[in-house]
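What follows is a short report on a single structure.
The values are calculated or read from the model by the stated rules, or taken from the named source; none is laboratory data. Please read these numbers as outputs of a predicted model, since none were measured by experiment. All Cβ positions, even for glycine, are placed from backbone atoms using ideal geometry, and neighbour counts span all protein chains on display.
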Amino acid sequence: MPERKIILSEREIPKQWYNLVADLPNPMHPPLTPDGKPVTPDMLSPVFPMNLIEQEASTKRWIDIPEEILEILCRWRPTPLRRATYLEKYLNTPARIYYKDESLSPAGSHKPNTAVAQAWYNKEFGIKKLTTETGAGQWGSALAFACQLLGLECKVYMVRISFDQKPFRKILMRIWGAECIASPSNQTKCGREILQKMPDTPGSLGIAISEAVEEAVADKSGRTRYSLGSVLNHVLLHQTIMGLEAKKQLKIAGEKNPDVIIGCAGGGSNFAGLAFPFMINKINGEKIDIIPVEPTACPSLTRGPFAYDFGDIACQTPLLAMYTLGHAFVPPPIHAGGLRYHGMAPLVSEAVRSGLAAPRAVDQIKCYESALIWSKTEGSICAPETSHAIACVIEEAQKAKQEGKEKVILFNYSGHGLLDLGGYEKFLDGKLTDYVLPEEELQKSLNNIKNLPKPKIK
Ligand SMILES: Cc1ncc(COP(=O)(O)O)c(C=O)c1O
């Protein structure tokens with residue numbers, strides 16, 4: 001009987017994060033100001049603490065994880081690597097399917113891996129309060145948890161549609177001592193302007209980011225900073241602990257590196273955290289298919305151009321070189337709230353641009369069908385975001401069957417869906433529809449970025 005759980009002891013937790021920037025074949029495009037000049041650390045200092053700004057710009061391959069962060073992570077890490085033998089049997093595939101179970105963290109997803117690190121670095125720098133945005137509430141609850149452990153205040157702007165669809169994560173945030181309000185709100189200038197123009201907007205991560213950044217920067221006492229749950233280099237860096245653990249665990253299972261690695265991609269952090277520690281093997285010549293999966297409703301990687309764009313709707317962030325649908329894009333209210341972001345992490349974008357990863361997009365209905373296959377075989381109920389990865393895993397396992405190949409497939413089980421049952425109910429009642437982004441709408445949104453500086457592509 002094959003082992004279904006591969007467990008590492010606390011002693012075996014990785015002691016360093018892996019920084020892909022050190023090994024990329026092409027240098028990254030630097031963040032720019034709107035007039036095309038490189039952003040300096042000083043410009044970012046009202047938004048982030050200097051210790052995280054340094055990490056953001058670091059080109060060092062390995063970065064030590066401070067002991068106190070490891071101490072907190074060991075509350076739930078290392079997470080198990082599990083083998084999905086029941087799904088394998090159901091699909092009658094020769095593929096061996098492994099998944100990193102990130103649903104076991106206190107907040108139920110991979111997000112606390114960086115929330116704890118970011119709260120710790122902010123505290124070290126003397127910051128007392130963090131503001132942030134959240135989509136489905138996974139990130140907001142993760143940061144609330146981390147801030148509570150480290151004694152920081154926390155304020156979360158939650159995208160309106162998720163605020164209404166997912167009431168329980170708001171309660172998690174309150175339990176962990178954070179304040180959570182619906183975005184757009186009337187507490188910021190940006191929120192008030194948007195509410196005036198679009199009173200019925202479902203909101204978006206781009207809007208919520210603007211509100212959270214505005215509040216942090218407006219506090220001239222210097223005690224508040226902003227924290228982002230995905231997209232930035234230091235966030236992806238903190239998440240590499242997952243891939244580093246998985247690498248050790250696959251060895252223990254007697255496997256070579258995977259043939260296929262899959263993660264859903266909203267801003268790119270869970271995908272990157274699992275995939276980047278294996279990408280170096282791909283750079284060095286191993287054949288690994290690395291697949292970020294996004295919704296057809298919000299297809300930045302599969303349909304957006306690689307361009308410089310703002311990370312938020314109010315254009316307060318630096319310009320980042322990334323695949324984007326345009327910063328003013330308001331995605332339709334699909335249930336995978338954490339995948340409703342107009343852009344993609346610059347590092348994931350660069351990996352896709354240089355052929356190290358090949359993205360796919362999946363429809364909402366297919367994702368829920370796949371989530372149901374998962375719960376009837378493996379038993380657990382996945383987050384709607386995670387179902388995008390599972391839909392792709394099923395496709396790849398079926399492909400392995402057609403080809404008669406014993407492939408090793410690894411994916412990120414990025415979170416559980418126990419607080420996302422509203423979407424499951426709508427699906428079971430036949431009330432969910434697919435939404436593929438119409439080309440005219442995409443072009444209209446991209447008009448907003450056509451006059452911005454362009455990345456110089458070698
Ligand atoms: C469970 C889960 N998976 C995936 C994501 C997508 O984010 P990222 O692409 O940064 O991993 C989210 C975001 O909220 C999430 O909650």
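Details
- Checked against the criterion of being within 16 Å of the ligand (Cβ to nearest atom), at pLDDT 95 or above, touching a helix residue (DSSP H, G or I) at 6+ places or on another chain (Cβ under 7 Å) and not hydroxyl-bearing (S, T, Y), the stretch 322-331 contains one or more residues that satisfy it.
- Just one of the listed residues (I63, I53, I69) is more than 16 Å from the ligand (Cβ to nearest atom), more than 30 Å from Q402 (Cα to Cα) and touching a Pro at 6+ places or on another chain (Cβ under 6 Å), namely I53.
- Reported count of residues in the stretch 29-62, each being farther than 22 Å from A216 by Cβ and surrounded by fewer than 17 Cβ atoms within 10 Å (Cβ to Cβ), is 10.
- Taking the stretch 138-153 as the range and being closer than 25 Å to R223 by Cβ and under 20 Å from the mean Cα position of the chain (by Cα) as the test, the residues that pass are W139, G140, S141, A142, L143, A144, F145, A146, C147.
- In the stretch 417-441, the residues that are assigned to a loop (DSSP other than H, G, I, E, B) and either surrounded by 12 or more Cβ atoms within 10 Å (Cβ to Cβ) or in contact with a His (Cβ under 9 Å, 6 or more places away or on another chain) (or both): G417, L418, L419, D420, L432, D434, Y435, V436, L437
- Counting only residues that are over 25 Å from L410 (Cα atoms) and touching a strand residue (DSSP E or B) at 6+ places or on another chain (Cβ under 6 Å), the stretch 287-309 holds 3 of them.
- Residue identified as within 16 Å of the ligand (Cβ to nearest atom), among the polar types (S, T, N, Q) and within 27 Å of K100 (Cβ to Cβ) among N270, N281: N270
- Taking the numbered list (1) in a loop (DSSP other than H, G, I, E, B); (2) more than 30 Å from E214 (Cα to Cα); (3) in contact (Cβ under 8 Å) with a residue 24 or more places away in the chain in turn, F48 passes all entries but (2).
- Taking (1) buried (at least 20 other Cβ atoms within 10 Å of the Cβ); (2) more than 16 Å from the ligand (Cβ to nearest atom); (3) acidic (D, E) in turn, D312 satisfies each apart from (2).
- Checking the stretch 273-289 against the condition returns a match, with at least one residue being within 21 Å of A146 (Cβ to Cβ), in a helix (DSSP H, G or I) and either modelled with pLDDT of 95 or more or not assigned by TED's automatic domain parsing to the domain that holds R353 (or both).
- Identity of the residue in the stretch 380-416, surrounded by fewer than 24 Cβ atoms within 10 Å (Cβ to Cβ) and part of a loop (DSSP other than H, G, I, E, B), that ends up farthest from the ligand (Cβ to nearest atom): G404
- Selected residue (criterion: surrounded by the most Cβ atoms within 10 Å (Cβ to Cβ)) from residues of the stretch 355-379 that are in a loop (DSSP other than H, G, I, E, B) and more than 21 Å from the chain's Cα centre (by Cα): E378
Conditions tested, residue by residue: (1) of a type in the set (D, E, K, R); (2) surrounded by fewer than 24 Cβ atoms within 10 Å (Cβ to Cβ); (3) modelled with pLDDT of 95 or more.
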residue: G135; (1), (2), (3): no, no, no
residue: G140; (1), (2), (3): no, no, yes
residue: F145; (1), (2), (3): no, no, yes
residue: L150; (1), (2), (3): no, yes, yes
residue: D164; (1), (2), (3): yes, yes, no
residue: A178; (1), (2), (3): no, no, yes
residue: P184; (1), (2), (3): no, no, yes
residue: K189; (1), (2), (3): yes, yes, yes
residue: Q196; (1), (2), (3): no, yes, yes
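- Taken together, the criteria place G326 among residues that are crowded, with 23+ Cβ neighbours inside 10 Å and either in contact with a strand residue (DSSP E or B) (Cβ under 8 Å, 6 or more places away or on another chain) or in a loop (DSSP other than H, G, I, E, B) (or both).
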